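Every number here is computed from the coordinates shown, using simple stated rules; none is lab data. Computed from a predicted structure; not experimentally measured. With ideal geometry, Cβ positions are generated from the backbone for all residues, glycine too; neighbour counts draw on all protein chains shown.
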Amino acid sequence: MTNVSMTVNGKSVSGEVEGRTLLVEFLREGLGLTGTHVGCDTSQCGACVVHVDGKAVKACTMFAAEAEGAEVKTIEGMAIADGSLGTIQQAFQDYHGLQCGFCTPGMVMSAAALLADNPRPSEAEVRSYLEGNLCRCTGYHNIVKAIMAASGQSVEPVAAE
Amino acid sequence: MPKDSGIGASTKRREDVRFLTGRGRYTDDINLRGQAYVHFLRSDVAHGTLKGVDTSAAEAMPGVIRIFTGADFEGVGGLPCGWQITDRQGNPMQEPPHPVLAQGKVRHVGDPIAAVVADSFEEARDAAEAIEVDIEELPAVVDMKAALADGAPKVHDDLSSNLCYDWGFVEDNRQAVDDAIKGAHHVTTLELVNQRLAPNAMEPRVAIGDYAGHNDESTLYTTSQNPHVIRLLMGAFVLGIPEHKLRVIAPDVGGGFGSKIFHYAEEAFCTFAAKQLKRPVKWTSTRTEAFMSDAQGRDHVTKVELALDAEGNFLAYRTDTLANMGAYLSTFSTSVPTWLHGTLAAGNYKTPLIYVNVKAVFTNTVPVDAYRGAGRPEATYQLERVIDKAAREMGIDPVELRRRNFITEFPYATPVAVEYDTGDYAATLDKALEIADWDSFDKRAEESAKKGLWRGRGINTYIEACGIAPSALVGQLGARAGLYESATVRVNATGGLVVMTGSHSHGQGHETAFPQVIAEMIGIDANMVEIVHGDTANTPMGMGTYGSRSIAVGGSAMVRATEKIIAKAKKIAAHLMEASDADIELKDGAFTVAGTDKSVAWGDVTLAAYVPHNYPLEDIEPGLEETAFYDPSNFTYPAGAYICEVEVDPETGKVTVDRFAAADDFGNVINPMIVEGQVHGGLAQGLGQALLENCVYDENGQLLSATYMDYAMPRADDLPSYRVDHSCQTPCTHNPLGVKGCGEAGAIGSPPAVVNAVVDALQRGGKDITHIDMPLSPGRVWAAMNV
Ligand code: FES
Ligand code: FES
């Protein structure tokens with residue numbers, strides 16, 4: 001067991017972890033931040049995406065100990081200060097970009113990372129960026145629409161095609 | 001003008017807020033005080049005799065609480081099958097036992113042999129590695145034809161063969177169909193495989209058993225689409241716990257698609273072990289385990305024959321199917337290739353003579369059961385593929401051939417035992433042609449040709465039977481359950497309502513759509529209505545959500561209960577206004593007396609019901625709470641037309657879906673936004689089947705596609721944006737909302753449209769290819785072009 005400290009959603013936290021404890025396990029089991037989900041065991045579904053030092057990371061691919069000293073942001077930290085939904089979250093609701101909600105935290109975190117890098121992506125760029133995020137419910141149509149809308153672009157071409 | 005509230009409004013989903021902020025409460029998010037963890041040791045061979053399981057070394061490992069094996073479950077019931085099929089001779093199907101943990105033999109890769117319960121998940125998993133299992137491997141049967149051959153190894157030694165049943169439908173038509181096919185002007189024949197799929201809800205299954213010794217009460221938290229069904233099956237057939245001592249909770253569930261209908265061994269195990277150990281026991285499936293233990297879908301091999309006259313009128317239709325059951329009978333497995341499949345063989349067409357034969361086969365593979373569409377995708381695929389082939393053979397336009405054979409008068413009794421109440425297949429076909437921009441195909445084909453690509457288009461017109469099901473009818477057909485739905489509507493003193501429904505939402509948006517109906521009926525804001533579901537302790541006995549039944553059956557139960565509420569509320573209002581109940585009208589949340597200006601508000605009446613100072617106590621009881629159980633009198637029959645356009649790269653065989661148009665008739669629609677989302681999701685699963693997904697076993701029964709590295713899930717960049725329309729509406733005539741259900745249409749209607757489009761592209765490219773089995777991967781398409 002080693003002690004690990006990091007900042008999660010702006011708060012300093014620390015805890016005892018084993019060497020093999022994954023970041024996602026530390027977030028879910030150690031900190032009770034169960035918004036980050038686990039959908040696979042081969043790092044392919046993206047349900048576990050969080051931001052580590054501003055970059056989208058699959059929290060199942062990283063040991064908790066590797067996040068020592070890092071700034072971690074999870075879905076629980078995405079609402080704006082007054083508690084209302086952030087722009088991307090709001091767009092997901094407005095455009096029905098979620099159904100069961102299981103992939104949603106990872107989708108929102110990936111979308112935020114995409115828009116931070118590329119504020120006005122094309123539909124093709126959005127689809128290609130989401131390559132590492134699986135959704136079984138929505139068929140992606142409305143997720144793509146939500147992300148386009150959150151970037152301030154018209155969703156008409158998406159609706160028509 | 002789109003409405004902004006009530007029925008027909010695209011109300012934004014209230015449940016989204018918790019999912020978008022990480023506050024969903026899925027089963028794996030629940031941790032009980034003192035909980036232990038279970039890891040299942042699963043068979044890594046497909047077929048073998050269990051000679052011994054030595055747990056002694058493992059028991060000494062750190063953290064281990066107890067290790068269970070099949071022997072611990074000898075006195076316990078097996079997992080039951082919920083539907084008995086009667087074969088062509090009138091005999092019941094062969095029904096082998098399905099133990100919670102393997103006894104005597106293992107029958108598929110993933111069959112659970114032992115369960116290690118430990119203080120932590122890691123300790124349980126580590127200890128499982130120290131269990132010594134002595135298995136004498138037996139030859140496995142994987143291929144269905146081989147499984148039926150004389151002398152094939154038997155999956156279940158006590159059965160006479162690997163044949164579960166040989167079912168004929170309608171058996172009395174068999175000879176007439178044979179004769180009609182023999183004498184027909186033209187017969188088109190096709191052999192096709194509807195490949196095995198893994199449902200892959202993104203949330204893996206989870207079960208937590210809990211036991212309260214002081215009142216001998218068991219609780220199971222589980223990822224289920226139907227907690228009451230699990231309570232009944234597990235309580236009555238497996239563990240012998242009466243319902244009042246067993247509570248089943250299915251909280252937020254991350255998708256189901258059928259795979260979370262069934263009662264699984266892990267649920268029974270956790271409930272059983274918690275009681276034995278007096279400690280909560282939790283199991284969380286890994287994705288790899290999900291591939292080996294969640295019931296899989298489809299897996300039919302079928303020969304179809306369509307007989308036509310010289311004008312292209314369908315005369316007779318015959319199908320012969322081998323349907324894979326896997327190693328055990330999962331809960332509703334037996335109904336899928338029979339009643340959910342054979343009854344749809346007429347499609348949208350007035351074919352007078354139909355015969356469906358299905359042989360269900362045991363193999364050493366993961367059990368197969370309902371997956372989105374369940375039987376209906378298979379029926380549609382067969383029919384719509386063979387029609388396309390017939391059109392080509394006879395030189396008739398595929399759209400025209402379908403149109404010529406459409407059923408146009410309703411109600412219509414098919415030769416396969418169902419009666420379609422309403423429909424307008426020409427209307428959805430025309431709408432699909434319009435939104436697909438069918439007429440300018442040639443222009444797009446030229447553009448594709450410039451890029452060196454072959455463009456093709458495919459059409460499919462489908463029908464499905466939803467809103468399952470009339471209980472008396474399914475009882476005659478062998479169902480061991482009723483298929484009504486329930487709702488309790490509780491009105492609080494200050495006017496707010498809580499609806500406790502037996503339906504279950506695992507993505508469908510009941511919390512938003514159900515209140516829209518009540519808001520419309522009473523004329524109040526939908527936010528005054530709250531939906532409770534997923535807990536047997538506070539919802540009436542209900543059958544859950546599958547088969548596109550929530551709004552058609554569960555919604556109807558809610559309407560019936562609300563009608564009782566309104567009838568009683570009118571009596572109270574009549575008393576308050578000193579009028580006769582017959583003169584009371586309810587509109588916009590207020591009761592008025594017809595022809596007067598007297599009025600009392602909804603809230604005044606509800607308050608009077610609970611503070612009955614001025615109240616007709618001699619006529620009616622205080623309170624305002626009603627329950628209804630709704631048993632549908634027929635299935636509902638959503639139908640539609642789907643058009644797919646693909647580009648095929650002749651160099652590589654790669655297929656790209658360039659556009660996809662879906663025009664559906666779902667009857668009335670409560671929330672168009674949610675309905676469109678359901679269609680999108682169904683389309684993605686159908687396109688996934690058509691192009692990508694496949695569960696592959698090798699000849700020894702090893703599952704080669706057990707992770708997302710080998711099983712090709714559709715990703716965002718594999719799929720197009722869709723054009724969907726549901727403006728053609730012929731309301732259902734036998735439920736109070738006129739709704740038909742929309743959850744499965746996309747998955748049912750899309751695979752044949754894609755395959756028809758690819759065959760069309762190859763034909764236009766000069767290749768005489770009439771069929772390729774799904775998934776149409778580049779390798780398969782390339783191989784078909786280059787033999
Ligand atoms: S859990 Fe699937 S990628 Fe991390
Ligand atoms: S919303 Fe269910 S998996 Fe994406």
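I need the calculated FRET efficiency for the pair B:Asn538 and B:Val611, taking r as the beta carbon distance and R₀ as 41 Å, to the nearest 0.05.
0.95
With +1 on the Cβ of every Lys and Arg and -1 on the Cβ of every Asp and Glu, and nothing else charged, how large is the dipole of the range B:654-754 about its Cα centre, in debye rounded to the nearest 20?
In total the dipole reaches around 300 debye.
Please give the charge dipole size of the range A:2-77, origin at the Cα centre, charges +1 on K and R Cβ atoms and -1 on D and E Cβ atoms. Round to the nearest 20 debye.
It comes to approximately 220 debye.
What does the net charge come to around B:Lys451 if you take all other residues with beta carbon closer than 13 Å to its beta carbon, with K and R at +1 and D and E at -1?
Once all neighbours under 13 Å are counted, the net charge is -2.
Sorted by mean Cβ packing within 10 Å, highest first, what order do the peptides B:194-204, B:637-647, B:682-692, B:583-593 take?
The peptides rank, most packed first, as B:637-647, B:682-692, B:194-204, B:583-593.
How many percent of the alpha carbon pairs in the range A:87-150 exceed a separation of 13 Å?
Every Cα pair in the range A:87-150 considered, those over 13 Å come to 54 percent.
Calculate the FRET efficiency for B:His771 and B:Arg23 from the Cβ-Cβ distance with a Förster distance of 41 Å, rounded to the nearest 0.05.
E(calc), rounded to 0.05, equals 0.25.
Treating the protein assembly as shown as a set of equal point scatterers at the Cα positions, no solvent, please give the Debye-formula log₁₀ I(q)/I(0) at q = 0.07, 0.09, 0.10 Å⁻¹.
-0.58, -0.98, -1.21
What distance in nm lies between label points placed 7 Å from Cα along the C-beta direction at A:Ser154 and B:Glu393?
It is 4.9 nm.
Would you mind computing, in nm to one decimal, how far apart the modelled labels at A:Glu16 and B:Glu243 are, each placed 7 Å from Cα along Cα→Cβ?
About 4.7 nm, to one decimal.
Placing one identical point scatterer on every Cα of the range B:488-632 and ignoring solvent, what is log10 I(q)/I(0) from the Debye formula at q = 0.16 Å⁻¹?
Rounded to two decimals, the profile gives -0.81.
Check the straight Cα-Cα distances from B:Lys587 and name the aspartates and glutamates below 14 Å, setting aside those fewer than 8 residues away within the same chain.
By straight Cα distance, B:Lys587 reaches B:Glu520, B:Asp525, B:Glu563, B:Asp597.
List the lysines whose alpha-carbon lies under 21 Å from that of B:Lys12, not counting same-chain residues fewer than 8 positions away?
Filter leaves A:Lys145, B:Lys3.
Roughly how many debye, to the nearest 20, is the charge dipole of the protein assembly as shown about its Cα centre, given +1 on each Lys and Arg Cβ, -1 on each Asp and Glu Cβ, and no other charges?
My answer is approximately 300 debye.
Calculated FRET efficiency, B:Ala149 and B:Ala57, Cβ-Cβ r, R0 35 Å, to nearest 0.05?
Rounded to the nearest 0.05, the efficiency is 0.25.
Residue by residue, what Karplus-based ³J(HN,Hα) values in Hz, rounded to whole numbers, does the range B:557-563 have, using 6.51, -1.76 and 1.60 with θ = phi - 60° and x for Gly and Pro?
Using θ = phi - 60°, the values come out as 4, 5, 4, 4, 5, 5, 4 Hz.
For a paramagnetic label modelled at 7 Å from the Cα of B:Phe410 toward its Cβ, which residues of the range B:658-690 fall within the zone defined by backbone nitrogen distances under 12 Å?
Within reach of a label on B:Phe410, which here means backbone N under 12 Å from a point 7 Å along Cα→Cβ, the range B:658-690 contributes B:665-668.
Go ahead and estimate [θ] at 222 nm for chain A from helices alone: -39,500 (n - 2.57) per DSSP H run with n ≥ 4, summed, over the residue count, rounded to 500.
Calculated at 222 nm, the ellipticity per residue is -7500 deg cm²/dmol.
Run the helix sum for chain B: -39,500 (n - 2.57) per DSSP H stretch of 4+ residues, divided by residue count, reported at 222 nm to the nearest 500 deg cm²/dmol.
Taking each H run of at least 4 residues, the total per residue is -8000 deg cm²/dmol.
If you bin the C-alpha pair distances of the range A:1-115 every 10 Å from 0, what whole percents do you get?
15, 48, 30, 7, 0
Using θ = phi - 60° and the Karplus form 6.51 cos²θ - 1.76 cosθ + 1.60, what ³J(HN,Hα) does each residue of the range B:275-283 get, whole Hz, x for Gly and Pro?
Running phi through 6.51 cos²θ - 1.76 cosθ + 1.60 with θ = phi - 60° gives 6, 5, 8, 6, 8, x, 10, 10, 10 Hz.
Which cross-chain or sequence-distant (5 or more) residues have an amide H under 5 Å from the amide H of B:Ala114, H modelled 1.01 Å from N in plane?
Sorted by chain and number, the residues that satisfy this are B:Leu41.
Tell me the Kirkwood hydrodynamic radius of chain B in angstroms, computed as one over the mean inverse distance between distinct C-alpha pairs.
Answer for chain B: a Kirkwood hydrodynamic radius of 27.7 Å.
What are the ³J(HN,Hα) couplings of the range B:86-103, residue after residue, when phi is run through the Karplus curve with 6.51, -1.76, 1.60 and θ = phi - 60°? Round to Hz, x for glycine and proline.
Ordered by residue, 3J(HN,Hα) equals 9, 7, 4, 8, x, 9, x, 4, 7, 10, x, x, 10, x, 5, 10, 3, 10 Hz.
Could you work out how far apart the two model spin labels at B:Ser633 and B:Leu159 are, taking each label as a point 7 Å from the Cα in the direction of the beta carbon, and quote it in nm?
Result for the modelled spin labels: 4.0 nm.
Around A:Glu71, with a cut-off of 12 angstrom between Cβ atoms, what is the net charge of the other residues, counting Lys and Arg +1 and Asp and Glu -1?
+1
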